[in-house]
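Shown next, in C-alpha coordinates, is the structure this report addresses.
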Amino acid sequence: MITLDKINVGFRKENTTKLFGKEKKQVLFDVSMHVNQGECIGLLGESGSGKSTLGRIICGLLKPDSGTINVTGPISIVFQDYTTSANPRFTVSQIIKESLSVRERTQGIKIEKEEEVQHLLELVGLPKDFVTRYPHELSGGQLQRVCIARAVALQPKTILFDEAISSLDAHTQVQIMDLLLKIKKQFNLTYVFITHDLTSVTYFCDRVLFLYQGRVVEEKKVTDLARVEHDYAKSLLYSIVDIRSNEK
Amino acid sequence: MWRRLYKNKMAMVMIGIILMTTIIGIFAPFFAPHDSYKINILDKYAPYSLEYPLGTDNLGRCILSRMIYGIRPTLFLSLLTMIGTISIGTVMGLLAGYFTGIIDEIIMRMVDVMLSFPSQIMVFAVVALLGVDVRNVILANVFIKWAWYARMIRTNVMKYKDTNYVLYSRCIGNKESFILFRHLLPSISSEMAVLATLDIGWAILNISTLSFLGLGVQAPTPEWGAMLSEAKNVLTTNPNQMIAPGVAIVILVAAFNFLGDALRDALDPKEKNL
(Lines give C-alpha, C1' and ligand atoms only; values in the text may rest on other atoms or scores of the structure.)
Protein backbone atom coordinates (compact mmCIF):
# COMPACT_ATOMS: atom_id res chain seq x y z
CA MET A 1 0.00 0.00 0.00
CA ILE A 2 2.57 2.52 1.19
CA THR A 3 6.21 1.59 1.13
CA LEU A 4 9.01 3.89 2.19
CA ASP A 5 12.56 2.74 1.73
CA LYS A 6 15.55 4.41 3.40
CA ILE A 7 14.20 7.94 3.26
CA ASN A 8 16.71 10.69 4.07
CA VAL A 9 15.60 14.31 4.31
CA GLY A 10 17.55 17.42 5.15
CA PHE A 11 16.84 21.12 5.04
CA ARG A 12 19.21 23.92 4.12
CA LYS A 13 20.57 25.53 7.26
CA GLU A 14 19.90 29.23 7.49
CA ASN A 15 22.77 29.88 9.88
CA THR A 16 25.61 28.46 7.82
CA THR A 17 29.10 29.08 9.09
CA LYS A 18 30.55 29.47 5.59
CA LEU A 19 29.54 32.13 3.09
CA PHE A 20 27.37 30.42 0.43
CA GLY A 21 27.64 27.27 2.52
CA LYS A 22 25.24 24.48 1.68
CA GLU A 23 25.15 22.72 5.00
CA LYS A 24 22.10 20.66 5.64
CA LYS A 25 20.35 19.76 8.81
CA GLN A 26 19.22 16.22 8.43
CA VAL A 27 15.72 15.58 9.73
CA LEU A 28 15.04 11.99 8.75
CA PHE A 29 17.60 9.18 8.75
CA ASP A 30 17.01 5.98 6.76
CA VAL A 31 13.33 5.79 7.54
CA SER A 32 11.70 2.69 6.15
CA MET A 33 8.15 1.61 6.71
CA HIS A 34 5.42 -0.42 5.16
CA VAL A 35 1.69 -0.01 5.52
CA ASN A 36 -0.74 -2.67 4.40
CA GLN A 37 -4.15 -2.14 2.84
CA GLY A 38 -6.82 -1.51 5.43
CA GLU A 39 -4.35 -1.02 8.23
CA CYS A 40 -4.18 1.87 10.64
CA ILE A 41 -0.65 2.83 11.51
CA GLY A 42 0.31 5.37 14.15
CA LEU A 43 3.42 7.53 13.82
CA LEU A 44 4.31 8.55 17.32
CA GLY A 45 6.97 11.04 18.23
CA GLU A 46 7.71 14.17 20.18
CA SER A 47 7.87 17.66 18.66
CA GLY A 48 10.74 17.96 16.22
CA SER A 49 11.14 14.23 15.76
CA GLY A 50 10.36 14.57 12.05
CA LYS A 51 6.93 13.01 12.05
CA SER A 52 5.26 15.87 10.20
CA THR A 53 8.10 15.89 7.68
CA LEU A 54 7.49 12.19 7.16
CA GLY A 55 3.82 12.97 6.59
CA ARG A 56 4.68 15.49 3.92
CA ILE A 57 6.97 12.96 2.25
CA ILE A 58 4.18 10.40 2.16
CA CYS A 59 1.67 12.71 0.53
CA GLY A 60 4.23 14.04 -1.93
CA LEU A 61 4.56 17.63 -0.78
CA LEU A 62 8.26 17.11 -0.12
CA LYS A 63 10.82 15.22 -2.11
CA PRO A 64 13.34 13.19 -0.11
CA ASP A 65 17.07 13.60 -0.69
CA SER A 66 17.41 9.87 -1.15
CA GLY A 67 15.23 6.80 -0.86
CA THR A 68 12.10 5.65 -2.62
CA ILE A 69 8.41 6.12 -1.91
CA ASN A 70 5.69 3.98 -3.31
CA VAL A 71 2.09 4.93 -2.67
CA THR A 72 -0.71 3.16 -4.49
CA GLY A 73 -3.97 4.94 -5.11
CA PRO A 74 -5.01 8.49 -4.28
CA ILE A 75 -4.03 9.85 -0.88
CA SER A 76 -5.80 12.50 1.12
CA ILE A 77 -4.81 14.48 4.19
CA VAL A 78 -6.40 16.03 7.29
CA PHE A 79 -4.38 18.65 9.11
CA GLN A 80 -3.95 19.49 12.74
CA ASP A 81 -4.74 23.16 12.51
CA TYR A 82 -8.34 23.20 11.37
CA THR A 83 -8.42 27.00 11.43
CA THR A 84 -6.14 27.24 8.39
CA SER A 85 -6.95 23.99 6.66
CA ALA A 86 -10.00 25.40 4.90
CA ASN A 87 -9.95 28.52 2.79
CA PRO A 88 -11.77 31.17 4.88
CA ARG A 89 -13.39 32.54 1.73
CA PHE A 90 -14.99 29.21 0.75
CA THR A 91 -18.32 27.90 1.95
CA VAL A 92 -18.55 24.35 3.25
CA SER A 93 -19.99 23.20 -0.05
CA GLN A 94 -17.16 24.85 -2.01
CA ILE A 95 -14.59 23.24 0.29
CA ILE A 96 -15.96 19.77 -0.38
CA LYS A 97 -16.53 20.43 -4.07
CA GLU A 98 -12.83 21.10 -4.55
CA SER A 99 -12.13 17.45 -3.78
CA LEU A 100 -15.07 16.34 -5.88
CA SER A 101 -13.85 18.20 -8.94
CA VAL A 102 -10.38 16.66 -8.54
CA ARG A 103 -12.04 13.25 -8.40
CA GLU A 104 -14.05 14.10 -11.51
CA ARG A 105 -10.87 14.95 -13.32
CA THR A 106 -8.76 12.00 -12.23
CA GLN A 107 -11.46 9.37 -12.65
CA GLY A 108 -12.94 10.98 -15.74
CA ILE A 109 -16.52 10.79 -14.48
CA LYS A 110 -19.37 13.18 -13.86
CA ILE A 111 -20.50 13.68 -10.26
CA GLU A 112 -23.76 15.21 -9.06
CA LYS A 113 -21.88 17.54 -6.76
CA GLU A 114 -24.75 19.01 -4.75
CA GLU A 115 -26.12 15.57 -3.97
CA GLU A 116 -22.69 14.22 -3.13
CA VAL A 117 -21.98 17.13 -0.75
CA GLN A 118 -25.25 16.45 1.08
CA HIS A 119 -24.37 12.79 1.25
CA LEU A 120 -20.89 13.49 2.65
CA LEU A 121 -22.19 15.91 5.27
CA GLU A 122 -24.62 13.25 6.40
CA LEU A 123 -21.76 10.75 6.57
CA VAL A 124 -19.69 12.92 8.92
CA GLY A 125 -22.75 13.76 10.98
CA LEU A 126 -23.34 17.40 10.11
CA PRO A 127 -26.74 18.93 9.30
CA LYS A 128 -27.41 19.50 5.61
CA ASP A 129 -27.98 23.23 5.90
CA PHE A 130 -24.29 23.73 6.75
CA VAL A 131 -23.46 23.92 3.04
CA THR A 132 -23.77 27.69 2.95
CA ARG A 133 -21.70 28.30 6.09
CA TYR A 134 -18.20 29.68 6.18
CA PRO A 135 -15.37 28.11 8.22
CA HIS A 136 -15.47 30.84 10.89
CA GLU A 137 -19.13 30.04 11.51
CA LEU A 138 -18.29 26.49 12.58
CA SER A 139 -16.82 25.11 15.79
CA GLY A 140 -13.49 23.27 15.79
CA GLY A 141 -15.06 19.84 15.83
CA GLN A 142 -17.52 20.74 13.09
CA LEU A 143 -14.80 22.19 10.89
CA GLN A 144 -12.64 19.12 11.43
CA ARG A 145 -15.62 17.01 10.33
CA VAL A 146 -15.85 19.14 7.18
CA CYS A 147 -12.15 18.51 6.58
CA ILE A 148 -12.75 14.79 6.98
CA ALA A 149 -15.69 14.99 4.55
CA ARG A 150 -13.41 16.79 2.13
CA ALA A 151 -10.75 14.13 2.50
CA VAL A 152 -13.26 11.30 2.01
CA ALA A 153 -14.84 13.06 -1.00
CA LEU A 154 -11.71 12.25 -2.98
CA GLN A 155 -12.42 8.53 -2.48
CA PRO A 156 -8.82 7.93 -1.47
CA LYS A 157 -7.22 4.62 -0.66
CA THR A 158 -5.27 6.24 2.15
CA ILE A 159 -5.91 9.15 4.48
CA LEU A 160 -3.10 10.81 6.36
CA PHE A 161 -3.94 12.47 9.66
CA ASP A 162 -1.39 15.03 10.73
CA GLU A 163 -2.25 15.55 14.41
CA ALA A 164 -5.81 15.74 13.17
CA ILE A 165 -7.49 15.45 16.54
CA SER A 166 -4.82 16.80 18.89
CA SER A 167 -6.24 20.30 18.93
CA LEU A 168 -9.75 19.19 19.88
CA ASP A 169 -11.08 18.63 23.36
CA ALA A 170 -11.23 15.11 24.76
CA HIS A 171 -14.92 14.52 24.20
CA THR A 172 -14.81 15.70 20.58
CA GLN A 173 -11.68 13.62 20.04
CA VAL A 174 -13.52 10.45 20.92
CA GLN A 175 -16.47 11.41 18.70
CA ILE A 176 -14.16 12.11 15.76
CA MET A 177 -12.23 8.88 16.30
CA ASP A 178 -15.44 6.87 16.33
CA LEU A 179 -16.48 8.63 13.13
CA LEU A 180 -13.11 7.79 11.57
CA LEU A 181 -13.42 4.14 12.54
CA LYS A 182 -16.88 4.02 10.96
CA ILE A 183 -15.64 5.58 7.73
CA LYS A 184 -12.63 3.30 7.67
CA LYS A 185 -14.82 0.23 7.84
CA GLN A 186 -17.26 1.58 5.27
CA PHE A 187 -14.68 2.42 2.58
CA ASN A 188 -11.94 -0.02 3.54
CA LEU A 189 -9.42 2.77 4.00
CA THR A 190 -5.82 2.79 5.13
CA TYR A 191 -5.00 5.32 7.83
CA VAL A 192 -1.67 6.87 8.68
CA PHE A 193 -2.05 8.62 11.97
CA ILE A 194 0.62 11.12 12.98
CA THR A 195 0.39 12.15 16.62
CA HIS A 196 2.20 12.69 19.88
CA ASP A 197 -0.70 11.34 21.86
CA LEU A 198 -0.26 7.71 22.81
CA THR A 199 -3.77 7.24 24.21
CA SER A 200 -5.47 8.07 20.93
CA VAL A 201 -3.10 5.68 19.16
CA THR A 202 -4.02 2.80 21.45
CA TYR A 203 -7.69 3.57 20.95
CA PHE A 204 -7.37 3.61 17.23
CA CYS A 205 -4.35 2.03 15.56
CA ASP A 206 -3.20 -1.48 14.71
CA ARG A 207 0.49 -0.76 14.68
CA VAL A 208 2.70 1.99 16.10
CA LEU A 209 5.97 3.42 14.85
CA PHE A 210 8.02 5.34 17.38
CA LEU A 211 9.98 8.16 15.77
CA TYR A 212 12.83 9.62 17.78
CA GLN A 213 15.23 12.26 16.44
CA GLY A 214 14.53 11.35 12.84
CA ARG A 215 14.84 7.60 13.20
CA VAL A 216 12.31 4.84 13.56
CA VAL A 217 13.36 3.38 16.88
CA GLU A 218 10.60 0.94 17.54
CA GLU A 219 7.76 -0.73 15.71
CA LYS A 220 5.12 -2.59 17.63
CA LYS A 221 1.62 -3.90 17.34
CA VAL A 222 -0.70 -2.03 19.68
CA THR A 223 -1.38 -5.27 21.54
CA ASP A 224 2.35 -5.63 22.19
CA LEU A 225 2.85 -2.08 23.41
CA ALA A 226 3.78 -3.17 26.89
CA ARG A 227 6.88 -4.89 25.50
CA VAL A 228 8.60 -1.85 24.00
CA GLU A 229 12.37 -1.82 24.33
CA HIS A 230 13.64 1.58 23.30
CA ASP A 231 14.13 4.13 26.07
CA TYR A 232 12.09 6.85 24.45
CA ALA A 233 9.17 4.55 23.77
CA LYS A 234 9.34 3.31 27.33
CA SER A 235 9.41 6.78 28.82
CA LEU A 236 6.45 7.77 26.69
CA LEU A 237 4.53 4.74 27.75
CA TYR A 238 5.38 5.14 31.43
CA SER A 239 4.52 8.82 31.49
CA ILE A 240 0.95 7.91 30.62
CA VAL A 241 0.87 5.02 33.02
CA ASP A 242 2.15 7.39 35.70
CA ILE A 243 -0.65 9.85 35.15
CA ARG A 244 -3.17 7.07 35.29
CA SER A 245 -1.76 5.69 38.51
CA ASN A 246 -1.71 9.15 40.07
CA GLU A 247 -5.37 9.50 39.39
CA LYS A 248 -6.04 6.48 41.52
CA MET B 1 -16.59 43.29 4.87
CA TRP B 2 -18.99 45.49 2.94
CA ARG B 3 -20.90 46.22 6.12
CA ARG B 4 -17.75 47.34 7.87
CA LEU B 5 -16.90 49.55 4.93
CA TYR B 6 -20.45 50.87 4.91
CA LYS B 7 -20.12 51.84 8.59
CA ASN B 8 -16.90 53.70 7.95
CA LYS B 9 -17.99 57.31 7.40
CA MET B 10 -14.67 58.42 5.94
CA ALA B 11 -14.78 55.67 3.32
CA MET B 12 -18.35 56.47 2.35
CA VAL B 13 -17.66 60.20 1.96
CA MET B 14 -14.58 59.47 -0.15
CA ILE B 15 -16.41 56.94 -2.30
CA GLY B 16 -19.10 59.59 -2.72
CA ILE B 17 -16.60 62.19 -3.94
CA ILE B 18 -14.96 59.75 -6.32
CA LEU B 19 -18.25 58.42 -7.67
CA MET B 20 -19.58 61.93 -8.19
CA THR B 21 -16.43 62.96 -10.04
CA THR B 22 -16.64 59.86 -12.20
CA ILE B 23 -20.28 60.44 -13.09
CA ILE B 24 -19.67 64.09 -13.92
CA GLY B 25 -16.73 63.01 -16.08
CA ILE B 26 -18.70 60.35 -17.94
CA PHE B 27 -21.64 62.66 -18.59
CA ALA B 28 -19.47 65.72 -19.17
CA PRO B 29 -21.62 67.11 -22.05
CA PHE B 30 -24.66 67.29 -19.73
CA PHE B 31 -22.84 69.08 -16.92
CA ALA B 32 -20.52 71.42 -18.80
CA PRO B 33 -22.10 74.84 -19.37
CA HIS B 34 -19.97 75.56 -22.46
CA ASP B 35 -18.00 73.85 -25.18
CA SER B 36 -14.59 73.20 -23.66
CA TYR B 37 -12.80 74.07 -26.90
CA LYS B 38 -14.75 77.20 -27.80
CA ILE B 39 -12.39 80.19 -27.88
CA ASN B 40 -13.68 83.64 -26.97
CA ILE B 41 -10.53 85.75 -26.98
CA LEU B 42 -12.38 88.93 -25.99
CA ASP B 43 -13.40 87.36 -22.70
CA LYS B 44 -9.98 86.04 -21.70
CA TYR B 45 -9.10 85.88 -18.01
CA ALA B 46 -12.68 86.68 -17.13
CA PRO B 47 -13.31 86.62 -13.37
CA TYR B 48 -15.84 84.33 -11.71
CA SER B 49 -19.32 85.12 -12.98
CA LEU B 50 -22.66 83.46 -13.50
CA GLU B 51 -21.87 82.90 -17.18
CA TYR B 52 -18.40 81.49 -16.42
CA PRO B 53 -18.59 80.10 -12.84
CA LEU B 54 -14.83 79.56 -12.64
CA GLY B 55 -13.81 82.27 -15.08
CA THR B 56 -12.03 81.81 -18.40
CA ASP B 57 -8.46 80.99 -19.35
CA ASN B 58 -5.91 82.68 -21.59
CA LEU B 59 -7.97 81.94 -24.72
CA GLY B 60 -11.30 82.80 -23.17
CA ARG B 61 -12.40 79.16 -22.76
CA CYS B 62 -14.75 78.33 -19.91
CA ILE B 63 -12.62 76.87 -17.09
CA LEU B 64 -15.50 74.98 -15.47
CA SER B 65 -16.27 73.20 -18.74
CA ARG B 66 -12.60 72.41 -19.22
CA MET B 67 -12.40 71.10 -15.66
CA ILE B 68 -15.40 68.85 -16.26
CA TYR B 69 -14.10 67.53 -19.57
CA GLY B 70 -10.66 67.24 -17.95
CA ILE B 71 -11.95 64.55 -15.57
CA ARG B 72 -11.91 62.10 -18.46
CA PRO B 73 -8.17 62.08 -19.19
CA THR B 74 -7.17 62.72 -15.58
CA LEU B 75 -9.23 60.01 -13.93
CA PHE B 76 -9.58 57.45 -16.67
CA LEU B 77 -5.96 57.53 -17.80
CA SER B 78 -4.86 56.97 -14.21
CA LEU B 79 -7.36 54.11 -13.86
CA LEU B 80 -5.98 52.63 -17.07
CA THR B 81 -2.46 52.96 -15.67
CA MET B 82 -3.45 51.18 -12.49
CA ILE B 83 -5.23 48.36 -14.36
CA GLY B 84 -2.15 47.82 -16.52
CA THR B 85 0.21 47.96 -13.56
CA ILE B 86 -1.81 45.63 -11.39
CA SER B 87 -2.42 43.04 -14.08
CA ILE B 88 1.26 42.77 -15.02
CA GLY B 89 2.36 42.99 -11.38
CA THR B 90 -0.13 40.32 -10.30
CA VAL B 91 0.85 37.85 -13.01
CA MET B 92 4.56 38.32 -12.34
CA GLY B 93 4.14 38.31 -8.55
CA LEU B 94 1.98 35.17 -8.58
CA LEU B 95 4.40 33.33 -10.82
CA ALA B 96 7.43 34.35 -8.78
CA GLY B 97 5.83 33.71 -5.42
CA TYR B 98 4.20 30.40 -6.22
CA PHE B 99 6.69 28.62 -8.42
CA THR B 100 9.84 29.98 -6.73
CA GLY B 101 13.16 28.56 -7.95
CA ILE B 102 14.48 29.71 -11.29
CA ILE B 103 11.30 31.58 -12.37
CA ASP B 104 11.37 33.52 -9.12
CA GLU B 105 15.04 34.39 -9.59
CA ILE B 106 14.57 35.66 -13.14
CA ILE B 107 11.49 37.76 -12.33
CA MET B 108 12.92 39.17 -9.11
CA ARG B 109 16.22 40.19 -10.69
CA MET B 110 14.21 41.96 -13.40
CA VAL B 111 12.24 43.66 -10.63
CA ASP B 112 15.45 44.65 -8.86
CA VAL B 113 16.76 46.27 -12.03
CA MET B 114 13.48 48.12 -12.57
CA LEU B 115 13.37 49.35 -8.98
CA SER B 116 16.94 50.64 -9.03
CA PHE B 117 16.08 53.29 -11.64
CA PRO B 118 14.71 56.60 -10.41
CA SER B 119 11.11 56.33 -11.55
CA GLN B 120 10.62 59.86 -12.85
CA ILE B 121 13.78 59.70 -14.98
CA MET B 122 12.58 56.37 -16.38
CA VAL B 123 9.31 57.96 -17.45
CA PHE B 124 11.17 60.79 -19.15
CA ALA B 125 13.44 58.30 -20.89
CA VAL B 126 10.55 56.19 -22.16
CA VAL B 127 8.60 59.23 -23.34
CA ALA B 128 11.70 60.68 -24.98
CA LEU B 129 12.34 57.38 -26.78
CA LEU B 130 8.79 56.71 -27.92
CA GLY B 131 7.66 60.28 -28.50
CA VAL B 132 5.38 62.68 -26.66
CA ASP B 133 1.99 60.99 -26.46
CA VAL B 134 -0.49 60.04 -23.75
CA ARG B 135 -0.24 56.37 -24.66
CA ASN B 136 3.50 56.47 -24.11
CA VAL B 137 3.03 58.15 -20.75
CA ILE B 138 0.74 55.34 -19.62
CA LEU B 139 3.13 52.77 -21.01
CA ALA B 140 6.00 54.42 -19.15
CA ASN B 141 4.04 54.55 -15.89
CA VAL B 142 3.08 50.90 -16.15
CA PHE B 143 6.64 50.05 -17.07
CA ILE B 144 8.13 51.60 -13.94
CA LYS B 145 5.40 50.63 -11.52
CA TRP B 146 4.75 46.93 -12.26
CA ALA B 147 7.97 45.87 -10.56
CA TRP B 148 6.89 47.38 -7.28
CA TYR B 149 3.58 45.53 -7.44
CA ALA B 150 5.20 42.29 -8.47
CA ARG B 151 7.34 42.44 -5.36
CA MET B 152 4.43 43.22 -3.04
CA ILE B 153 2.28 40.46 -4.51
CA ARG B 154 5.12 37.93 -4.40
CA THR B 155 5.56 38.57 -0.68
CA ASN B 156 1.83 38.12 -0.09
CA VAL B 157 1.66 34.96 -2.16
CA MET B 158 4.53 33.47 -0.20
CA LYS B 159 2.63 34.21 2.98
CA TYR B 160 -0.40 32.22 1.82
CA LYS B 161 1.43 29.53 -0.13
CA ASP B 162 2.10 27.38 2.93
CA THR B 163 -1.34 27.60 4.46
CA ASN B 164 -2.96 24.21 4.94
CA TYR B 165 -5.68 24.72 2.35
CA VAL B 166 -3.08 25.28 -0.35
CA LEU B 167 -1.09 22.28 0.91
CA TYR B 168 -4.25 20.20 0.78
CA SER B 169 -4.90 21.24 -2.81
CA ARG B 170 -1.38 20.32 -3.77
CA CYS B 171 -1.53 17.04 -1.87
CA ILE B 172 -4.66 15.81 -3.64
CA GLY B 173 -3.22 16.97 -6.96
CA ASN B 174 -5.51 19.83 -7.82
CA LYS B 175 -4.73 22.01 -10.82
CA GLU B 176 -2.21 24.80 -10.36
CA SER B 177 -4.69 27.20 -11.93
CA PHE B 178 -7.23 26.38 -9.21
CA ILE B 179 -4.68 27.04 -6.49
CA LEU B 180 -3.53 30.27 -8.10
CA PHE B 181 -6.89 31.76 -9.01
CA ARG B 182 -9.25 30.33 -6.40
CA HIS B 183 -7.00 30.16 -3.33
CA LEU B 184 -4.16 32.62 -3.69
CA LEU B 185 -5.63 35.44 -5.76
CA PRO B 186 -8.68 36.00 -3.50
CA SER B 187 -6.45 35.84 -0.43
CA ILE B 188 -4.20 38.64 -1.63
CA SER B 189 -6.93 40.70 -3.30
CA SER B 190 -7.96 42.71 -0.25
CA GLU B 191 -4.44 43.92 0.38
CA MET B 192 -4.08 44.65 -3.31
CA ALA B 193 -7.27 46.75 -3.28
CA VAL B 194 -5.77 48.94 -0.57
CA LEU B 195 -2.50 49.37 -2.43
CA ALA B 196 -4.24 50.10 -5.70
CA THR B 197 -6.46 52.77 -4.16
CA LEU B 198 -3.49 54.47 -2.58
CA ASP B 199 -1.61 54.34 -5.86
CA ILE B 200 -4.33 55.79 -8.05
CA GLY B 201 -3.52 59.05 -6.31
CA TRP B 202 0.05 58.60 -7.39
CA ALA B 203 -1.00 57.87 -10.98
CA ILE B 204 -3.20 60.98 -11.13
CA LEU B 205 -0.36 63.12 -9.84
CA ASN B 206 2.11 61.53 -12.21
CA ILE B 207 -0.04 62.07 -15.29
CA SER B 208 -0.75 65.62 -14.17
CA THR B 209 2.95 66.23 -13.57
CA LEU B 210 3.86 64.99 -17.02
CA SER B 211 1.12 67.06 -18.61
CA PHE B 212 2.37 70.04 -16.58
CA LEU B 213 5.82 69.48 -18.06
CA GLY B 214 4.29 69.19 -21.52
CA LEU B 215 5.04 65.49 -21.94
CA GLY B 216 1.58 64.07 -21.32
CA VAL B 217 -1.79 65.18 -22.57
CA GLN B 218 -1.32 67.78 -25.30
CA ALA B 219 -3.15 71.06 -25.87
CA PRO B 220 -5.92 71.76 -26.60
CA THR B 221 -7.24 68.65 -24.82
CA PRO B 222 -8.40 69.71 -21.37
CA GLU B 223 -6.47 68.00 -18.57
CA TRP B 224 -5.96 69.23 -15.03
CA GLY B 225 -2.17 69.09 -15.03
CA ALA B 226 -1.97 70.73 -18.45
CA MET B 227 -4.38 73.46 -17.30
CA LEU B 228 -2.17 74.04 -14.28
CA SER B 229 0.78 74.31 -16.62
CA GLU B 230 -0.97 76.95 -18.73
CA ALA B 231 -1.99 78.83 -15.59
CA LYS B 232 1.56 79.02 -14.28
CA ASN B 233 2.50 81.25 -17.22
CA VAL B 234 0.28 83.97 -15.79
CA LEU B 235 1.02 83.18 -12.15
CA THR B 236 1.86 86.79 -11.28
CA THR B 237 -0.90 88.55 -13.21
CA ASN B 238 -3.81 86.09 -12.82
CA PRO B 239 -3.07 83.82 -9.87
CA ASN B 240 -6.69 82.70 -9.56
CA GLN B 241 -6.22 80.66 -12.75
CA MET B 242 -4.37 78.03 -10.75
CA ILE B 243 -6.97 77.56 -8.06
CA ALA B 244 -9.54 75.40 -9.87
CA PRO B 245 -7.25 72.70 -11.33
CA GLY B 246 -4.91 72.77 -8.33
CA VAL B 247 -7.64 72.31 -5.75
CA ALA B 248 -9.37 69.68 -7.87
CA ILE B 249 -6.21 67.57 -8.09
CA VAL B 250 -5.59 67.88 -4.36
CA ILE B 251 -9.16 66.84 -3.51
CA LEU B 252 -9.26 63.86 -5.86
CA VAL B 253 -5.84 62.54 -4.85
CA ALA B 254 -6.65 63.03 -1.17
CA ALA B 255 -9.97 61.23 -1.66
CA PHE B 256 -8.20 58.18 -3.08
CA ASN B 257 -5.58 58.21 -0.33
CA PHE B 258 -8.18 58.46 2.44
CA LEU B 259 -10.22 55.73 0.79
CA GLY B 260 -7.12 53.54 0.76
CA ASP B 261 -6.63 54.09 4.47
CA ALA B 262 -10.28 53.41 5.20
CA LEU B 263 -10.20 50.25 3.10
CA ARG B 264 -7.20 49.03 5.04
CA ASP B 265 -9.11 49.48 8.28
CA ALA B 266 -12.25 47.85 6.91
CA LEU B 267 -10.49 44.86 5.40
CA ASP B 268 -8.38 44.07 8.44
CA PRO B 269 -10.43 41.51 10.35
CA LYS B 270 -8.53 42.17 13.57
CA GLU B 271 -9.76 45.75 13.70
CA LYS B 272 -13.02 45.25 15.55
CA ASN B 273 -13.96 48.64 16.92
CA LEU B 274 -15.09 50.37 13.76
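Observations
- Test for residue B:82: is it crowded, with 20+ Cβ neighbours inside 10 Å and within 27 Å of residue B:137 (Cβ to Cβ): yes
- Answer residue from the stretch A:8-59, given it is of a type in the set (Val, Ile, Thr) and at pLDDT below 80 and is farthest from residue B:172 (Cα to Cα) among those: A:17
- Residues in the stretch A:147-167 include none that are assigned to a helix (DSSP H, G or I) and away from chain B (no Cβ under 14 Å).
- For first residues located in the stretch B:166-177 and within 7 Å of chain A (Cβ to nearest Cβ), partners that are in a loop (DSSP other than H, G, I, E, B) and crowded, with 20+ Cβ neighbours inside 10 Å and lie 6+ apart or on another chain with Cβ distances below 6 Å form the pairs B:171/A:59; B:172/A:154.
- Exactly one residue out of B:53, B:29 is surrounded by fewer than 16 Cβ atoms within 10 Å (Cβ to Cβ) and either at positive phi or part of a loop (DSSP other than H, G, I, E, B) (or both), and it is B:53.
- Verdict on residue B:100 being within 30 Å of residue A:88 (Cβ to Cβ), within 14 Å of chain A (Cβ to nearest Cβ) and surrounded by fewer than 16 Cβ atoms within 10 Å (Cβ to Cβ): yes
- Selection within the stretch B:181-221 - within 14 Å of chain A (Cβ to nearest Cβ) and hydroxyl-bearing (Ser, Thr, Tyr): B:187, B:189, B:190
- For the stretch A:181-215, the set of residues classified as among the β-branched types (Val, Ile, Thr), part of a helix (DSSP H, G or I) and modelled with pLDDT of 85 or more consists of A:183 only.
- Count of the stretch B:168-178 residues, restricted to those that are buried (at least 20 other Cβ atoms within 10 Å of the Cβ) and assigned to a helix (DSSP H, G or I), is 3.
- Qualifying positions in the stretch A:116-146 - part of a helix (DSSP H, G or I) and exposed (fewer than 13 other Cβ atoms within 10 Å of the Cβ): A:122, A:128, A:129, A:132, A:136, A:137
- Looking at A:178, A:224, just one residue is among the acidic types (Asp, Glu), at pLDDT below 80 and assigned to a helix (DSSP H, G or I), and that residue is A:224.
- Test: residue in the stretch B:124-143 that is outside any helix (DSSP H, G or I) and under 30 Å from residue B:188 (Cα atoms): no
- Residue ID - farthest from the chain's Cα centre (by Cα), chosen from residues in the stretch A:85-94 that are buried (at least 21 other Cβ atoms within 10 Å of the Cβ) and facing another protein chain (nearest Cβ under 8 Å): A:87
- Hey, residue A:144 modelled with pLDDT of 85 or more, within 14 Å of another protein chain (Cβ to nearest Cβ) and out of contact with any Pro (no Cβ under 8 Å at 6 or more places or on another chain) or not: yes
- Count of residues meeting criterion [at positive phi and more than 14 Å from chain B (Cβ to nearest Cβ)] in the stretch A:46-84: 3
- The stretch A:96-141, residues that are more than 12 Å from chain B (Cβ to nearest Cβ), under 22 Å from the mean Cα position of the chain (by Cα) and of a type in the set (S, T, N, Q): A:139
- Scanning the stretch B:153-165 for residues that are surrounded by fewer than 17 Cβ atoms within 10 Å (Cβ to Cβ) and away from chain A (no Cβ under 12 Å) yields B:155, B:158.
- Residue match in the stretch A:69-79 (condition: over 16 Å from residue A:215 (Cα atoms), among the small types (Gly, Ala, Ser) and at pLDDT 85 or above): yes
The values are calculated or read from the model by the stated rules, or taken from the named source; none is laboratory data. Remember, predicted model here, so these are calculated numbers, not experimental data. Cβ: placed from backbone, ideal geometry, glycine included. Neighbour counts: every protein chain shown.
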